[in-house]
Amino acid sequence: MADPTLADQIEQALEARFGERLAVDPGLAGLDTLARLAARRVHRRFLARPIEPALLRLLCACALSSPSKSDLQQGDIVLVADPDKRRAIFARIPDMPWMDQAPVFLVFCGNGNRLPRISALRGKPFPNDHLDAFFNAVVDGAIVMEAFIAGAEAVGLGCCPISVIRDHAALVAELLDLPARVVPIAGLCVGWPDGPGRLSPRLAIDARVHVDRYEDGDAALTARLDEYDRRRQASAPFARQRKPEKWGDAAFYGWSEDKARQYAEPQRTDFGAFVRARGFKLD
């Protein structure tokens, strides 16, 4: 049965997200799923309401049902339930108080440990000890995390990914007793939302979808950044400028200026060394 209400919701959400009105067929199957994806919001405020362990296990099972490269199943989930371990992680990231507020905190990992052990157990060589092994494990873990988010949001939970745990990857690995060849990808705050959350505007679709060849010359990039900066400023302006004491106060402060300032500072320069120390070979 056609659902014009859902179709209209999707059109409105995508227009707010991308600045483009896409026509949605009200008779299209799966509109409820598309509506959740189109209108998904980041949540950083949570109710003081626990998540039942059975629901959490169900969501983990659904997430682990996601696609996996060559059926290798290298995405793992660590539930950080120990209050002391949570505090030790959160203390390193004091500017994100929602981490402590969330009733559930998960760490998604890429597991490159299991496959070499299986090879040894079955008396087979493991000649694929190179960069692709790391890449496969990390991609599998990221897919599992995205599947978990989709499932959690489908039942009414809110989520906020925390990539900054990689700033403290060695600490996280030690606290969670991660074995060799298992690396943390990102944390995830999960809880029942306290409020509607925030819909994040995105770069225009044509900036990220390419047909037959990648097109992103300087002139096109400049035009797309200008359009996006102004569209985002109109609906979701930045509350403050990043490091004005170093970069000054910009008369117009858009997304591209913020990201340029963010990545003008060295970040995670030791992460390659950490990954190698975990046993991965990156060549």
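The values are calculated or read from the model by the stated rules, or taken from the named source; none is laboratory data. In this text the structure is predicted, and so the values were computed from the model without any measurement. A quick note on method: Cβ atoms are made from the backbone with ideal geometry, for glycine too, and the neighbour counts reach across all protein chains shown. Please note that ligands, DNA and RNA were not included when accessible areas were found on the heavy atoms of the full protein model with its side chains. Shrake-Rupley method; radii C 1.70, N 1.55, O 1.52, S 1.80 Å.
Within segment 87-107, one or more residues are within 14 Å of CYS159 (Cα to Cα), in contact with a strand residue (DSSP E or B) (Cβ under 9 Å, 6 or more places away or on another chain), open to solvent by 80 Å² or more (accessible area, probe 1.4 Å) and in contact (Cβ under 8 Å) with a residue 40 or more places away in the chain.
The set of residues in segment 127-137 being surrounded by fewer than 21 Cβ atoms within 10 Å (Cβ to Cβ) and either among the aliphatic types (A, V, I, L, M) or without any contact (Cβ under 8 Å) to a residue 12 or more places away in the chain (or both) consists of PRO127, ASN128, LEU131, ASP132, PHE135. Within segment 212-239, the residues that satisfy the criterion of being of a type in the set (D, E, K, R), under 19 Å from ARG202 (Cα atoms) and not in a helix (DSSP H, G or I) are GLU215, ASP216. Here ARG44, ARG21, ARG86, ARG36 are screened, and the one residue that is more than 21 Å from PRO161 (Cα to Cα), of a type in the set (Lys, Arg) and in contact with a helix residue (DSSP H, G or I) (Cβ under 8 Å, 6 or more places away or on another chain) is ARG21.
Taking segment 66-86, which residues are open to solvent by less than 50 Å² (accessible area, probe 1.4 Å) and either of a type in the set (Val, Ile, Thr) or out of contact with any Gly (no Cβ under 8 Å at 6 or more places or on another chain) (or both)? Residues satisfying the conditions are ILE77, VAL78, VAL80, ARG86.
Within segment 205-226, can one find any residue that is modelled with pLDDT under 95, on the phi > 0 side of the Ramachandran plot and not acidic (Asp, Glu)? No: segment 205-226 contains no residue that is modelled with pLDDT under 95, on the phi > 0 side of the Ramachandran plot and not acidic (Asp, Glu).
Residues to consider are ILE77, ILE93, ILE89; find the one that is in a helix (DSSP H, G or I) and of a type outside the set (Ser, Thr, Tyr). Talk me through it step by step, then tell me what you get.
Details: ILE77 fails: in a helix (DSSP H, G or I); ILE93 fails: in a helix (DSSP H, G or I).
From the options ILE77, ILE93, ILE89, the qualifying one is ILE89.
Is segment 182-203 home to any residue that is closer than 25 Å to ASP71 by Cα, touching a residue at least 60 places away in the same chain (Cβ under 8 Å), out of contact with any strand residue (DSSP E or B) (no Cβ under 6 Å at 6 or more places or on another chain) and open to solvent by less than 30 Å² (accessible area, probe 1.4 Å)? Within segment 182-203, not a single residue is closer than 25 Å to ASP71 by Cα, touching a residue at least 60 places away in the same chain (Cβ under 8 Å), out of contact with any strand residue (DSSP E or B) (no Cβ under 6 Å at 6 or more places or on another chain) and open to solvent by less than 30 Å² (accessible area, probe 1.4 Å). If the condition is being open to solvent by 30 Å² or more (accessible area, probe 1.4 Å) and aromatic (Phe, Trp, Tyr), then segment 247-273 contributes TRP247, PHE252, TRP255, TYR263, PHE271.
Residue-by-condition table, conditions (1) in contact with a helix residue (DSSP H, G or I) (Cβ under 8 Å, 6 or more places away or on another chain); (2) at pLDDT below 95; (3) under 29 Å from ASP32 (Cβ atoms):
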residue	(1), (2), (3)
VAL80	yes, no, no
PRO103	no, no, yes
ASN113	no, no, no
ASN136	yes, no, no
VAL139	yes, no, yes
ALA142	no, no, yes
ALA147	yes, no, yes
ALA152	yes, no, yes
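For segment 155-166, the count of residues that are among the small types (Gly, Ala, Ser), part of a strand (DSSP E or B) and either open to solvent by less than 30 Å² (accessible area, probe 1.4 Å) or out of contact with any Gly (no Cβ under 9 Å at 6 or more places or on another chain) (or both) is at least one. A residue that is of a type in the set (D, E, K, R), part of a helix (DSSP H, G or I) and out of contact with any strand residue (DSSP E or B) (no Cβ under 6 Å at 6 or more places or on another chain) occurs nowhere in segment 267-275. Is there a residue in segment 179-191 that is under 18 Å from the mean Cα position of the chain (by Cα), assigned to a helix (DSSP H, G or I) and either modelled with pLDDT under 95 or among the hydrophobic types (A, V, I, L, M, F, W, C) (or both)? No, because not a single residue in segment 179-191 is under 18 Å from the mean Cα position of the chain (by Cα), assigned to a helix (DSSP H, G or I) and either modelled with pLDDT under 95 or among the hydrophobic types (A, V, I, L, M, F, W, C) (or both).
Yes or no, residue by residue, for (1) in a helix (DSSP H, G or I); (2) open to solvent by 90 Å² or more (accessible area, probe 1.4 Å); (3) free of Cβ contacts under 8 Å to residues at least 24 places away in the same chain:
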residue	(1), (2), (3)
ALA2	no, no, no
ALA13	yes, no, no
ALA16	yes, no, no
ALA54	yes, no, yes
CYS60	yes, no, no
